[in-house]
Amino acid sequence: MDAFQTIGKSLPRKEGIGKVTGQAVYAGDIRLENCLYGRTVRSIVPRGRIKQIRFGGDIAWNEFTIVLPRDIPGKNAVLLIDSEQPFLAEHEIRHVAEPVALIAHPDKSLVEIAHRHVSIDVEPLPAVFTMDEALQLNHIFKSYLVQNGDPSEKWGDADRIVEETYRTGAQEHLYIEPQAMIATAIPGDQVTVWGSMQCPFYVQRALAPLFGLQPGQVRVVQMETGGGFGGKEEYPNMIAGHAALLSWKAGGRPVKMIYDRREDMWATTKRHPSKTHIKAGFKRDGTLVALDIDFMLDGGAYPTLSSVVLSRGTLHAAGPYKCDCTRVRGRVVMTNSVPYGAFRGFGAPQSIYAIEMHMNRAAQELGIDPAEIRRRNFLHQGDRMPAGQVINEEIDLEMMMDRALELSGYRRKRPEFEEFNKQGNTLRKGIGLAVFFHGSGFTGSGETRIGSEAAVRVTSRGGVEVLVSNVEYGQGTNTVLTQIAAEACRIPPDLVEIHQPDTAVVPNSGPTVASRTTMITGKLVERASLELRKRLMDPVDFAAAARQYLSQHGELKVNVRYEPPSEIHWDDETFRGEAYAAYAWSCDVAEVEVDLIEYRARATNFASVVECGRVINPLLAAGQIEGGIAQGIGFALYENVVLEHGAMKNNQFTNYIIPTSADVPEIQVEFVEFAHANPGPYQAKGIGEMPIDGPAPAIASAMAHAFGGRFVNEIPLLPERIMSEAESP
Amino acid sequence: MTPISLAVNGKNYEVTVPPMRRLLDVLRDDLALTETKEGCGEGECGACTAIMDGLLVLTCMVPICQVAGRHVTTIEGLGAAGQLHPLQQAFQDKGGAQCGICTPGMIIAAAYYLEHPDEAEDVREALAGNQCRCTGYTRIFESVLHS
């Protein structure tokens, strides 16, 4: 037993009191004198050439601040991976809801009225809305190939070949706090933004060229952020740029831009829709012989983060199975839909949905239980994954699956439900499972490339302050980093402070994405804290030593930089190597009920067994898992983005359905910890994204069980989709 | 513009505003009581929930003209740092809050439920009008049941 003081304890949320009292300050809570309210004028056609922008109606336009592309002082391009997307479309429109102009006025209600009187004359051009059309036109943003053999040579060795196509729909993040940004500019000199975001340094990097400034002249401050789930990874670059452009044009008056819910859902990114074709060959006993996967994502009209979403999806597509002849082709295509972007899971939920559904289908065709076919193919320590990585960490998927089956009563319930379903009720019951992993941290060489930094400094209270750019947006950054710093310094957690993410003060520890904060940044905080303690000569009384050091030297601050583990190598050219420094693993079991009158499906029970290394804070970690499962249930059953000309038509809470408190089932979460070394702080791995990978295939396979093996291959499992499968001859 | 008097958390206020201005905007913009949050502005998410003369209301759906002479209780009226309401303490201890934007409205709805347990079948039904995208609700239920 490790004798930890703070690690492994369920400390309450560090910033929680502000949240339960409402006193936490979100961007919208900032009150400003002399403030302008900004609004974006957007295209209503999917593609075309801009002829003219008209400011009509009975509006005193001379009172408005108006920004057009020609007002942009620097480069009209949102710098992310590439710089293809403009802040404001100048000549060509590529999607509905594309920003074309900006307006601002001190009277918020007047802005609302005025923006409806701006019209854009567009000469329409043909637009593409489906992945198949895009593929025909060869509109491909990015493609990858992962291969360890040629499946076409192996089909003859298989006793059974199973082939199917799976589809997942777009998903809206629906963070409860909409996108919000406040900006002030000193034209020619300085831009400052405060807002709701996951990645302050992304915003800084995107805004500097927009204004022709050096990054240091752009200051970005993260305010309390009301959820993000990836939706506040790259999109804040856009709204921050818009608010700052308006302030710049208005000579430095502060500008507040807060999207209303309709605009937020209509215009911002969503999870990429996917289409995955899988052909798999099996021996009679269920052993995989060959696996050929064609994974495709709709990227929408601009590349945003699609290439890296594709990369993660491709590298998770073969599932936690050993197959010595696997080929995965991944492609993301360009359409004229509103650009898709980061969403918790980042491509993995789509490809994992397909492989897990396929394993269930294969189990059925071979007459094997879905749990048993998995058991025959699981990856073990020492096995090689398709991109070449050898699993060095200790894993025991058999044990995890068995525990999940036991926790859920799977073995008892499976035959019980089959019996129940035979009795002619108007209800059908099913139980299904999914087994999956999720790589912690950036894919491939990402962590090495960005080289994150973190700092820890001594405070006058005799404690320490952690300086990082990773933000708290509900997932527990503040608390977990506090625990890590407290443990390493051997001080009580209430002596640890976390500095507000502010690019003028904190070093760039990278974005708050990719299940990387605890493992990557947490490790930096641990290293810096240990070093700081060492510089204080490993004191018995830390607080006294710290205060004494401050009085003698003025400051004690330790900066550290990311060092890649020596065994991690990734080749971007060949797309081979160690894709992730560590993986978290999980098994989900879901139960569903479907009534045969409305074909409405409900998740009625859920169990999840999770291995994510050392659990730093069990309370918060369980909260992450439960929340991810609820979003996964939404992805599986309810969340249907209806697209019209490539933009969300049901862009309201009223008609985009997410699980409510009445819809989520009992969720049991159990952590298992394997005693192995991994590169995280106190052997902790990432956890933020993994819980959204499993629910959709677990629920969809439970649905297939409920209907005697009829698979609905497309999620969400809307009543009409279930009915059409259940009632087909 | 209409002069309207109302009480919020035991304090009397006079505002002169357009009669159709949302109670939420009066609270946040005119009275600087930003503890009540906005999530959707269409009466669906519950983030702006408050209690008006004993009734649970969505402040984004209430025009200020309907609030004249009434008393509004927001999260601030329930408790503040140092003197938390038992529900606020439970949300803090049991992990009922994550990003925190739904939390004030959620706690108000939970407080109403605890005072009127007969109006809903159970806590799940009682909170079904308050959307949380972070927690999956498990820890919200625990917070309410352990307050």
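The residue of region A:1-25 that is surrounded by the fewest Cβ atoms within 10 Å (Cβ to Cβ), among those that are outside any loop (DSSP other than H, G, I, E, B) and under 26 Å from the mean Cα position of the chain (by Cα), is A:G18.
Consider B:H146 carefully, then state whether it is out of contact with any strand residue (DSSP E or B) (no Cβ under 9 Å at 6 or more places or on another chain) and away from every other protein chain (no Cβ under 11 Å). Yes. Among residues of region A:206-224 being out of contact with any Asp or Glu (no Cβ under 7 Å at 6 or more places or on another chain) and among the β-branched types (V, I, T), the one that is farthest from the other protein chains (Cβ to nearest Cβ) is A:V218.
Looking only at residues of region A:660-682 that are touching a residue at least 40 places away in the same chain (Cβ under 8 Å), assigned to a loop (DSSP other than H, G, I, E, B) and within 14 Å of chain B (Cβ to nearest Cβ), we find that the one that is surrounded by the fewest Cβ atoms within 10 Å (Cβ to Cβ) is A:D663. Residues in region B:101-116 that are in a helix (DSSP H, G or I) and facing chain A (nearest Cβ under 8 Å): B:T103, B:P104, B:I107. When the criteria are applied in full, A:S701 meets the requirement of being more than 10 Å from chain B (Cβ to nearest Cβ) and out of contact with any Ser or Thr (no Cβ under 8 Å at 6 or more places or on another chain).
Applying a threshold of 7 Å to beta carbon distances and a minimum spacing of six or more residues, or different chains, the list of pairs starting in region A:615-627 at a residue that is at the interface with another protein chain (Cβ under 7 Å from one of its Cβ atoms) and ending at one that is aliphatic (A, V, I, L, M) and not in a loop (DSSP other than H, G, I, E, B) reads A:L620/A:V480; A:E626/A:I667; A:E626/A:V669.
Does region A:1-56 hold any residues that are within 14 Å of chain B (Cβ to nearest Cβ) and modelled with pLDDT under 95, and which are they? Give the derivation first.
Within region A:1-56, the subset within 14 Å of chain B (Cβ to nearest Cβ) is A:9-33, A:35, A:37.
Result: A:R31, A:L32, A:E33.
Which of the residues spanning region A:628-658 are assigned to a helix (DSSP H, G or I), more than 8 Å from every other protein chain (Cβ to nearest Cβ) and not aliphatic (A, V, I, L, M)? Of everything in region A:628-658, those that are assigned to a helix (DSSP H, G or I), more than 8 Å from every other protein chain (Cβ to nearest Cβ) and not aliphatic (A, V, I, L, M) turn out to be A:G632, A:G634, A:F635, A:Y638. Just one residue in the set A:P86, A:P46 is touching a residue at least 40 places away in the same chain (Cβ under 8 Å) and assigned to a loop (DSSP other than H, G, I, E, B); that residue is A:P46. Given the criteria modelled with pLDDT under 95 and not acidic (D, E), does A:A698 qualify? So A:A698 fails the test.
Residue-level check: of (1) surrounded by 21 or more Cβ atoms within 10 Å (Cβ to Cβ); (2) part of a strand (DSSP E or B), A:I66 misses just (1). For region A:380-390, the candidate set comprises residues that are crowded, with 21+ Cβ neighbours inside 10 Å and of a type in the set (A, V, I, L, M); within that set, the residue that is farthest from A:H676 (Cα to Cα) is A:A387.
Yes or no, residue by residue, for (1) within 14 Å of chain B (Cβ to nearest Cβ); (2) aromatic (F, W, Y); (3) out of contact with any strand residue (DSSP E or B) (no Cβ under 7 Å at 6 or more places or on another chain):
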position	(1), (2), (3)
A:H139	no, no, no
A:P151	no, no, no
A:R167	no, no, no
A:Q171	yes, no, no
A:Q179	yes, no, yes
A:Q204	no, no, no
A:G227	yes, no, yes
A:G230	yes, no, yes
A:E233	no, no, yes
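Residue check: A:K256 meets all listed conditions (1) crowded, with 23+ Cβ neighbours inside 10 Å; (2) within 23 Å of the chain's Cα centre (by Cα); (3) within 14 Å of another protein chain (Cβ to nearest Cβ) but one, namely (2).
Do you know which of the residues in region A:594-623 that are among the hydroxyl-bearing types (S, T, Y) and part of a strand (DSSP E or B) is surrounded by the fewest Cβ atoms within 10 Å (Cβ to Cβ)? Only one residue fits best here, namely A:T604.
Scanning region A:573-604 for residues that are out of contact with any strand residue (DSSP E or B) (no Cβ under 9 Å at 6 or more places or on another chain) and among the hydroxyl-bearing types (S, T, Y) gives A:T574, A:Y599. The single condition among (1) over 25 Å from the mean Cα position of the chain (by Cα); (2) assigned to a loop (DSSP other than H, G, I, E, B) that A:F129 does not meet is (1). Within region A:483-510, being over 20 Å from A:E15 (Cα atoms) and either in contact with a helix residue (DSSP H, G or I) (Cβ under 8 Å, 6 or more places away or on another chain) or assigned by TED's automatic domain parsing to the domain that holds A:Q198 (or both) holds for A:A488, A:C489, A:R490, A:T503, A:N508, A:S509, A:G510. Taking first residues from region B:117-128 that are more than 9 Å from chain A (Cβ to nearest Cβ) and partners that are small (G, A, S) and crowded, with 16+ Cβ neighbours inside 10 Å, the Cβ contacts under 6 Å between residues at least 6 apart in sequence or on separate chains come to B:A120/B:A126.
Here are some residues: A:A243, A:A280. Which one is more than 20 Å from the chain's Cα centre (by Cα), crowded, with 24+ Cβ neighbours inside 10 Å, closer than 30 Å to A:E153 by Cα and not polar (S, T, N, Q)? Every option except A:A280 fails the conditions. Looking at this structure, is A:G688 touching a residue at least 60 places away in the same chain (Cβ under 8 Å), facing chain B (nearest Cβ under 9 Å) and closer than 24 Å to A:G16 by Cα? So A:G688 fails the test.
The values are calculated or read from the model by the stated rules, or taken from the named source; none is laboratory data. This is a predicted model, so every value here is computed, not measured. Cβ sites come from the backbone with ideal geometry, for glycine too, and all protein chains shown count toward neighbours.
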